[in-house]
Structures are given as C-alpha cells and as structure tokens.
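Below: one structure, written as structure tokens.
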Amino acid sequence: QVQLVESGGGLVQPGGSLRLSCTASRSIFSFVSMGWYRQAPGKQRELVASIFSTGSTNYADSVKARFTISRDRAKNTVYLDMTSLKPEDTAVYYCRTNVGSAVHWGQGTQVTVSS
C-alpha cells in the first residue's frame with residue numbers, strides 16, 4: 001500500500017505561480033509513473049502532467065509551457081510547478097501513482113485562481 005500526500009494548494013491571482021508537492025509513503029524509485037490530475041466542479045477528472053520511471057514527461061495541451069512536473073527520488077516527492085495561472089486552472093489537484101498494476105491516489109489539494 002502507498003499513501004500519497006499532496007500540499008501546496010491555495011488561492012492565487014491570475015498570472016501567479018504555485019508549487020504543488022506529492023510525497024509518497026515509500027520510495028518512488030520503482031513506481032511506473034506518477035502524475036497530477038485535476039477536477040473542476042461539474043467536470044471530469046483530467047490528466048495534467050505525468051512523469052515516468054524513465055524520466056520522460058507528458059503534459060495536457062492546456063498546461064504545456066506553463067506547468068512543469070519533476071521529482072526528487074531522495075525525498076519520495078513529485079512536484080508540479082505552475083506558472084501563468086489562469087482562472088480555468090481552478091480545481092482540486094490530485095496526485096496519482098502506478099505501482100505495478102495498482103493505482104493509488106492522494107486526497108487532493110485545492111487550487112483557486114481568482115482576483
């Protein structure tokens with residue numbers, strides 16, 4: 001079993017930046033992938049960004065060039081650096097990992113972009 005704990009959400013003005021963190025309860029070295037998803041009110045949960053064991057990354061078109069996913073294996077942590085935030089980025093952001101065939105989710109952290 002893997003526990004994922006997200007942090008770093010909050011209220012930010014349009015154009016601002018935030019860094020989200022997702023810390024796993026054990027080493028992420030063997031994780032197939034780790035990713036960030038988000039869910040806005042009334043909408044389906046969607047992939048934002050993912051990073052694979054090889055280090056390759058994948059981004060939703062809506063966040064490319066604005067968001068960056070990275071990891072620190074020594075800290076069992078994955079980050080999502082978000083810049084040039086827009087009101088449409090407002091959502092609950094969830095961390096997810098694949099360990100073998102199992103999928104684990106964090107509890108989510110709220111990001112609100114508003115003036």
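The values are calculated or read from the model by the stated rules, or taken from the named source; none is laboratory data. All values derive from a computational prediction rather than experimental measurement. Every residue, glycine among them, receives a Cβ derived from its backbone with ideal geometry; neighbour counts consider all protein chains shown. Just so you know, the surface numbers come from the protein's heavy atoms only, side chains and all, with ligands and any DNA or RNA stripped out. Shrake-Rupley method; radii C 1.70, N 1.55, O 1.52, S 1.80 Å.
Structure summary
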| item | result |
| --- | --- |
| Under 5 Å, built H, 5+ apart or other chain: amide partners of V48 | W36, Y37, R38 |
| Accessible area of the range 6-50 divided out per residue, in Å², using a probe of 1.4 angstrom | 52 |
| Peptide ranges 107-115, 55-63 listed from the most packed, as the mean C-beta count within 10 angstrom indicates | 107-115, 55-63 |
| Two-decimal log10 I(q)/I(0) for the chain, as the Debye equation yields it once each C-alpha is a single scatterer, q = 0.20 Å⁻¹ | -1.03 |
| Theoretical gain in end-to-end length, N58 to S114 [0.36 nm per residue, Cα-Cα removed] | 17.5 nm |
| Relative contact order, percent, the chain [alpha-carbon distance under 8 Å, six or more residues apart] | 37 |
| Solvent-accessible area, 1.4 Å probe, carbon plus sulfur percent, for the chain | 49 |
| Per-peptide average of other Cβ atoms within 10 Å, ordering 74-82, 11-19, 45-53 highest first | 74-82, 45-53, 11-19 |
